[in-house]
Amino acid sequence: MPDMLVKLYDLPDRSEWLLPDNIKIRKPIAAEMSFVGDWVRKYFNERWRSEVLVSFSRVPCSCFIAAIGKDIAGFACYDSSGLGLFGPTGVRPNLRGKGIGKALLLSCLEDMRAKGYAYAVIGAVGPSRFYEKVAGAVLIPGSDASIFRRMIG
């Protein structure tokens, strides 16, 4: 799966984000780390859980969650597997298509821009059309192997 590049100085305006009123995007606090990590393992996998836990070690945290009351609807991280890398990200399967993934992606990208990044790399992209449409991401030629090619296990 290839990597994609996003120009952080050319992100869509927040007014284009449409979320149901009951969904709030926010950064989790340290006391929520185990809960968020366990949720990611349950709905996705152990590798993504590992990356989420790394995002909690960043100061400030480089993770966002979508919350419905006291439940998690989705998550997104950056600077986990490498500096300047967005991901992983995921939305609970029964809540997809409601704008949650878009809001999580753009929250992370705005946060990266605020920290001084001009560009972000989306590593090992699955849904490339989503990233093209939402953030103007473009494929990086020759990146099919990505940084994840040397993973063990």
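Report, in deg cm²/dmol and to the nearest 500, the calculated mean residue ellipticity at 222 nm for the chain, where each DSSP H run with n ≥ 4 adds -39500 (n - 2.57) and the sum is divided by the residue count.
Working: 4 runs with 46 residues, N = 153.
Estimated from H runs of four or more residues: -9000 deg cm²/dmol.
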- line: Computed from the beta carbon distance with a Förster radius of 25 Å, FRET efficiency for Ala31 and Ala118 to the nearest 0.05 stands at 0.15
message: Residues of the range 9-33 with backbone nitrogen within less than 17 Å of a virtual label 7 Å along the Cα-to-Cβ line of Asn94, please, listed as ranges.
response: 22-23
message: Let's test the formula: R0 of 22 Å, r as the Cβ-Cβ distance of Leu5 and Val59. What FRET efficiency results, to the nearest 0.05?
response: 0.25
query: DSSP H helices in the chain with Cα extent of 18 Å or more along the helix axis and mean Kyte-Doolittle hydropathy at least -0.5?
result: 100-114
- prompt: Which three lengths, in whole Å and largest first, does the range 40-117 cover when its Cα atoms are put on their principal axes?
  reply: 34, 25, 19
- request: Could you tell me the number of lysine pairs in the chain with C-alpha atoms less than 25 Å from each other, where the two lysines are 8 or more residues apart or belong to different chains?
  value: 26
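So how much slack lies between Lys70 and Ile152, counting 0.36 nm per residue of separation and subtracting their Cα-Cα distance, in nm? Intermediate results must be reported in sequence, preceding the final value.
Working: separation 82, 0.36 × 82 = 29.52 nm, distance 3.50 nm.
Residue separation times 0.36 nm, minus the Cα-Cα distance, leaves 26.0 nm.
Nearest 0.05, what FRET efficiency do Leu19 and Arg129 give at R0 = 25 Å with Cβ-Cβ as r?
Values: r = 21 Å, r/R0 = 0.83.
Once the sixth-power term is evaluated, E becomes 0.75.
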query: At q = 0.13, 0.17 Å⁻¹, what is the log10 ratio I(q)/I(0) for the chain, with the Debye formula run over Cα points and no solvent?
result: -0.55, -0.97
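Each reported figure results from applying straightforward, stated rules to the coordinates on display, with no laboratory input. Computed from a predicted structure; not experimentally measured. When we count neighbours, we look across all protein chains shown, and the Cβ atoms used for this are built from the backbone with ideal geometry, even at glycine.
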